[in-house]
Amino acid sequence: MNTSNQKPVRPALFWSGGKDSFLALRVWQQSGKQEPFLFTTYDDESGIVPFQQIPIKNIYRQSVHLELPLLAVPVSYPVTNQKYLEVLQQVFNSAPFQVKDTIFGDLHLQDIRDWREQQFTEMDIKTHFPIWHKTPDQLLRLLEKEPAEIYIRSVTDEFKDEIKPGDLFNREFVKSLPGHVDPFGEKGEFHTEVVFV
């Protein structure tokens with residue numbers, strides 16, 4: 001008997017602990033759709049979420065605050081795309097939920113969206129991008145309504161003279177950025193952490 005069909009269906013939100021995934025969550029929730037569970041991978045040796053550089057214990061705190069279940073999966077980094085996708089497939093197969101939908105906080109990088117759509121379509125999973133092509137002003141206004149502060153957590157070496165870990169991410173910060181830096185760090189210039197207050 002196939003017991004997987006008896007598992008409840010629930011969307012998976014790819015959760016980094018930063019502003020983009022948080023914004024994707026809020027816009028998704030505002031649409032009245034089913035509450036997701038949070039999905040995060042982290043380095044199995046350091047206990048750190050790569051790129052964001054957020055300790056996995058902080059991610060757990062966020063999930064408790066948001067009252068959403070978290071599926072946190074240790075992975076040996078660096079990891080190839082193929083190995084990452086294999087891990088995803090294994091995790092989704094064994095997850096306590098049936099995953100038919102995934103949610104991402106991508107803003108405007110078409111190549112990343114195309115890759116996600118291709119890979120997850122092959123898994124027969126739909127992809128959703130709630131904040132796709134929303135403007136920095138729209139997103140900042142959403143953040144300003146939240147009882148949360150956003151801090152710069154990590155910065156690419158190229159931009160360390162202009163952006164510092166620990167800086168508060170807000171409208172003033174965005175205005176202070178030089179023109180060659182994406183206002184939301186979408187090209188990897190910096191990464192953030194959401195801290196609930």
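The values are calculated or read from the model by the stated rules, or taken from the named source; none is laboratory data. Model, not experiment: these values are computed from the prediction. Here the Cβ positions follow ideal geometry from the backbone for every residue, glycine too, while neighbour counts run over all protein chains shown. Side chains included, ligands, DNA and RNA excluded: accessible areas come from the protein's heavy atoms. Shrake-Rupley method; radii C 1.70, N 1.55, O 1.52, S 1.80 Å.
Note on the range 153-197: Kirkwood radius taken over Cα pairs, Stokes-Einstein applied at 37 °C and 0.692 mPa s, translational D equal to 303 µm² s⁻¹.
Rolling a 1.4 angstrom probe over the chain with all protein chains present gives an accessible area of which 49% lies on carbon and sulfur atoms.
Per residue, the chain exposes an accessible area of 53 Å² to a 1.4 Å probe, with every protein chain left in place.
Per residue, the Cα convex hull of the range 129-175 amounts to 108 Å³. Please build a GNM for the chain, connecting alpha carbons under 10 Å apart, and tell me which residue among PRO183, PRO147, PRO165 fluctuates the most. Among PRO183, PRO147, PRO165, the largest GNM mean-square fluctuation belongs to PRO147.
Basic side chains Lys and Arg get +1 at the Cβ, acidic Asp and Glu get -1 at the Cβ, and with that the dipole of the chain about its Cα centre reaches some 680 debye.
The dipole here belongs to the range 1-69: it is taken about the Cα centre, uses +1 on the Cβ of Lys and Arg and -1 on the Cβ of Asp and Glu, and is about 280 debye. The residue among HIS191, VAL9, LEU71 whose Cα reaches farthest toward the positive pole of the charge dipole of the chain, with charges on the beta-carbon of Lys, Arg, Asp and Glu, is VAL9.
Note on LYS164 and LYS145: the model spin-label points, each 7 Å out from Cα along the C-beta direction, lie 3.3 nm apart. Were the residues from LYS83 through GLU35 laid out at 0.36 nm apart, the gain over their Cα-Cα distance would be 14.5 nm.
Under Stokes-Einstein, with the Kirkwood radius over Cα pairs as Rh, the value for the range 24-129 at 4 °C and 1.567 mPa s is 87 µm²/s.
Kirkwood hydrodynamic radius of the range 38-96, from the reciprocal of the average inverse Cα-Cα distance over all distinct pairs: 12.0 Å.
Backbone amide hydrogens, once placed in the peptide plane, bring GLN98 within less than 5 Å of VAL9, ARG10, excluding anything fewer than 5 places away on its chain.
For ILE103, the amide hydrogen comes within under 5 Å of the amide hydrogens of ALA12, LEU13, PHE14, HIS128, counting only partners 5 or more places away or on other chains and with H modelled in the peptide plane. The alpha carbon centroids of the range 166-190 and the range 106-147 are separated by 18 Å.
Is the shape of the chain rounded, prolate or oblate, going by the alpha carbon gyration tensor and its root eigenvalues a ≥ b ≥ c, with a/c under 1.5 for rounded and a/b larger than b/c for prolate? Taking the square roots of the gyration eigenvalues as a ≥ b ≥ c, the chain is prolate.
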